[in-house]
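Structure, as structure tokens:
The values are calculated or read from the model by the stated rules, or taken from the named source; none is laboratory data. Keep in mind that what you see is a predicted model, and the values were worked out from it rather than measured. As a convention, Cβ positions derive from the backbone with ideal geometry for all residues, glycine included, and neighbour counts pool all protein chains shown. Only protein heavy atoms, including side chains, enter the accessible area calculation; ligands, DNA and RNA are left aside. Shrake-Rupley method; radii C 1.70, N 1.55, O 1.52, S 1.80 Å.
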Amino acid sequence: MLVALLLIVFLFGLAVFVMFPPSSGTLPKMQGEEAVSEKTTVKLAAGGLGTIILSKNAGNPVLLVCGGGPGIPQYLMESMYGSPLTDVFTVCYWDYRGTGLSYKDDISAESMTTRKFIDDTLHMTDYLANRFKTDRIYIMGHSFGTYIALKTVQRHPEKYLCYIAMAQIVNQAESEKIAFDYMKSEYEKNGNTKMFLEFSKRDISASQEAYIEYCSSGLRDKAMHELGVGTARDMHSVIRGIFLPSLRNRAYTQAERVHIWKGKIKSNKCPVSRDSRTSFNAIQDVPSLDIPIYFLTGKYDYTCCASLQEQYYEAVQAPDKALYFFEESAHSPLYEEHDKGRQVLEEIVRKTRPLPEQN
């Protein structure tokens, strides 16, 4: 009995070590003499914003990335899938207040508002401009982050060279209804009676409460990833695709990994999350921009429906705009199609990077 008990304890400890390994939280080093691999905290009056800066060449133009979620660090996608971003830019991934590397127990969900997220984005922008000695930087949003980035550049276009919109939120209530009908239809066509009946039980148009409950439900995430229209075409489970890899990610300490998911739980209840899902309509709220806007859209994106991204592209007025369609991608085209992504990013920089001053 004692031997059996010791064996069980040993196997349990081994499983925990494999699933949740200890780590100093040091970033993998980028290759190259001018490369940058830095994990730091940008100070705020009320605390700090956890930040990861990566580049294969520190002379590359500077890009601030407003990640998805809110709550899941965008760096997780970079660490799992890689991207062409660090080939073209000096990239700043940062975690929103109360989440990930910026997590603090004493930040209430109610204090995580749209206004504060925009203010934090501007703070990060000024930090990067001062640090890298540039007048204007690039800004990119992904999913939820497109709501924050778009509202920020609407307010202060003078700080940015252009806005890159990957999986732009347009009208999320409408997007969820389109996706709901599509997934229900797909399960009916595929003969998956169980999932078809689960969808048939719900009416997300019945009330705001029904819509909000569905958006945060396991059914939505399960269906999107089973059908390959969620985070990425080849990610068929959030648990296997994001949650478990995050627990093993050695760029974060064990405490930081715990904070990722504590912050995610908190962010689900915050006002900025509700705003992006319920009250925002990009076509009505941001009909024009004073800087160029470039859309990166996955053909199979039903998280933020590709058809609505196309509608906004057609409607928005800007000095320059383009829609780049990624035929093999769902919600994360830069992380799914590297070669095309690099070509697109290089083209955007050629269009927008200021010419060097002549002596």
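How many residues does the range 254-291 hold that are part of a helix (DSSP H, G or I), closer than 20 Å to C66 by Cβ and of a type in the set (S, T, N, Q)?
Looking only at that region, the number is 5.
Quick check on the range 271-284. Is at least one of its residues of a type in the set (S, T, Y) and under 21 Å from E78 (Cβ atoms)? Show your work before the answer.
We begin by selecting, within the range 271-284, every residue of a type in the set (S, T, Y); these are 273, 276, 278-279.
Retained after the next criterion (residues that are under 21 Å from E78 (Cβ atoms)): none.
Taking every residue of the range 271-284 in turn, none turns out to be of a type in the set (S, T, Y) and under 21 Å from E78 (Cβ atoms).
What's the number of the only condition in (1) open to solvent by 20 Å² or more (accessible area, probe 1.4 Å); (2) at pLDDT 95 or above that E357 fails to meet?
(2)
If a residue must be polar (S, T, N, Q) and within 17 Å of D126 (Cβ to Cβ), how many such residues does the range 42-72 contain?
Step one: of the range 42-72, the residues polar (S, T, N, Q) are 51, 55, 57, 60.
Okay, now just the ones that are also within 17 Å of D126 (Cβ to Cβ), so 51.
So the answer is 1.
Provide a single number: the residues in the range 53-67 that are open to solvent by less than 20 Å² (accessible area, probe 1.4 Å) and either free of Cβ contacts under 8 Å to residues at least 60 places away in the same chain or closer than 14 Å to S246 by Cβ (or both).
Step one: of the range 53-67, the residues open to solvent by less than 20 Å² (accessible area, probe 1.4 Å) are 53-55, 61-67.
Next cut, either free of Cβ contacts under 8 Å to residues at least 60 places away in the same chain or closer than 14 Å to S246 by Cβ (or both) only: 53-55, 67.
Total meeting the criteria: 4.
Within the range 104-118, can you find the residues that are among the β-branched types (V, I, T) and in contact with a strand residue (DSSP E or B) (Cβ under 8 Å, 6 or more places away or on another chain)?
Residues of the range 104-118 among the β-branched types (V, I, T): 107, 113-114, 118.
If the condition is that a residue be among the β-branched types (V, I, T) and in contact with a strand residue (DSSP E or B) (Cβ under 8 Å, 6 or more places away or on another chain), then I107 is the only one that fits.
Residues that are touching a residue at least 60 places away in the same chain (Cβ under 8 Å): list the helices (runs of 4 or more DSSP H) wholly contained in the range 171-249 that include at least 2 such residues.
172-190, 208-215, 244-248
Can you find a residue that is surrounded by fewer than 16 Cβ atoms within 10 Å (Cβ to Cβ), assigned to a helix (DSSP H, G or I) and either touching a residue at least 12 places away in the same chain (Cβ under 8 Å) or of a type outside the set (A, V, I, L, M) (or both) anywhere in the range 317-335?
Checking the range 317-335: not a single residue is surrounded by fewer than 16 Cβ atoms within 10 Å (Cβ to Cβ), assigned to a helix (DSSP H, G or I) and either touching a residue at least 12 places away in the same chain (Cβ under 8 Å) or of a type outside the set (A, V, I, L, M) (or both).
Scan the range 105-126 and report the pairs whose first residue is farther than 13 Å from G48 by Cα and open to solvent by less than 10 Å² (accessible area, probe 1.4 Å) and whose second residue is among the basic types (K, R) and at pLDDT 90 or above, with Cβ atoms within less than 6 Å and a gap of 6+ or a chain change.
Filtered contacts from the range 105-126: I118/K151; T125/K159.
For residues that are open to solvent by 70 Å² or more (accessible area, probe 1.4 Å) and assigned to a loop (DSSP other than H, G, I, E, B), scanning just the range 27-43, find the one that is modelled with the lowest pLDDT.
Checking each candidate, the answer is E33.
Go through the range 159-168 and give me each residue that's touching a residue at least 40 places away in the same chain (Cβ under 8 Å) and open to solvent by 10 Å² or more (accessible area, probe 1.4 Å). So that I can check it myself, show each step before the final result.
Filtering the range 159-168 down to residues touching a residue at least 40 places away in the same chain (Cβ under 8 Å) leaves 160-168.
Correct list: L161 only.
Here's the yes/no breakdown for (1) closer than 19 Å to Q284 by Cβ; (2) modelled with pLDDT under 95; (3) among the aliphatic types (A, V, I, L, M); (4) open to solvent by 60 Å² or more (accessible area, probe 1.4 Å):
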{"site": "H142", "(1), (2), (3), (4)": "no, no, no, no"}
{"site": "Q154", "(1), (2), (3), (4)": "yes, no, no, yes"}
{"site": "E209", "(1), (2), (3), (4)": "no, yes, no, yes"}
{"site": "S217", "(1), (2), (3), (4)": "no, yes, no, no"}
{"site": "H236", "(1), (2), (3), (4)": "no, yes, no, yes"}
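Output the number of residues of the range 99-125 satisfying the condition of being small (G, A, S) and either in contact with a Gly (Cβ under 6 Å, 6 or more places away or on another chain) or more than 17 Å from N268 (Cβ to Cβ) (or both). If you could, list the steps in order and put the result at the bottom.
As a first pass, look at the range 99-125 and keep what is small (G, A, S): 100, 102, 108-109, 111.
Now narrow it down to the ones that are either in contact with a Gly (Cβ under 6 Å, 6 or more places away or on another chain) or more than 17 Å from N268 (Cβ to Cβ) (or both): 100, 102.
The qualifying residues number 2.
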